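Okay, so here's the structure we're looking at.
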Amino acid sequence: MRTAPLLLAGLGLALLAGCGRRGDNSQFSVYPVSGKLALANGQPVPGARVRLTAKPGPNRGGADAFGTTQADGTFKLQTMDNRDGAMPGLYKVIVEPADNDPKVSAQDKEFARRNIPAACRSEDTTKLEAEVKSSGNNLELTLR
């Protein structure tokens with residue numbers, strides 16, 4: 001009979017151990033990253049979600065970074081609790097329609113759905129890559 005209260009107390013402490021403040025990400029270097037996404041013919045791609053995910057190997061990037069393309073195909077990336085930019089290193093670039101973004105028009109979402117190649121939508125098949133450095137991070141991405 002004494003085991004049940006001890007088990008409940010232990011379970012309560014275990015649950016509380018997982019609660020608390022999120023980690024402080026300010027010690028990680030993040031550098032501004034912007035760019036433009038276009039089709040092979042140069043036409044801008046609006047309504048797309050651009051995601052950088054660390055590429056395995058040396059000079060590996062950090063936390064994923066995300067951005068949504070505007071009507072002119074331009075984007076700015078954010079990472080870790082909406083910090084502007086991305087951590088330095090090498091990344092694979094995944095491009096998907098921004099279907100869940102309420103700020104993107106239905107027309108732009110449809111354009112992205114029709115024009116983003118299936119290979120670019122997965123980190124396993126994308127051929128797009130980028131390197132984030134301490135400065136000069138203006139990515140020119142072309143969908144083929």
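Binning every alpha carbon pair distance of the range 43-97 at 10 Å from zero, what are the percents per bin? P(r) over the range 43-97, rounded to whole percents: 27, 48, 23, 2. Placing a label point 7 Å from the Cα of D84 along the Cα-to-Cβ direction, the residues of the range 24-68 whose backbone N falls under 12 Å of that point are 31-34. Taking each of K36/K92; K92/K133; K92/K127; K55/K109 in turn, the alpha-carbon distance tops 18 angstrom for K55/K109.
Calculation over all alpha carbon pairs of the range 30-133 in 5 angstrom steps from 0 returns a P(r) of 3, 14, 24, 25, 19, 11, 3, 1, 0 percent.
No lab work stands behind these numbers, since they all come straight from the coordinates. A quick note: this is a predicted structure, and the numbers were derived from the prediction, not measured. Backbone-built Cβ (ideal geometry, glycine too); neighbour counts: all protein chains shown.
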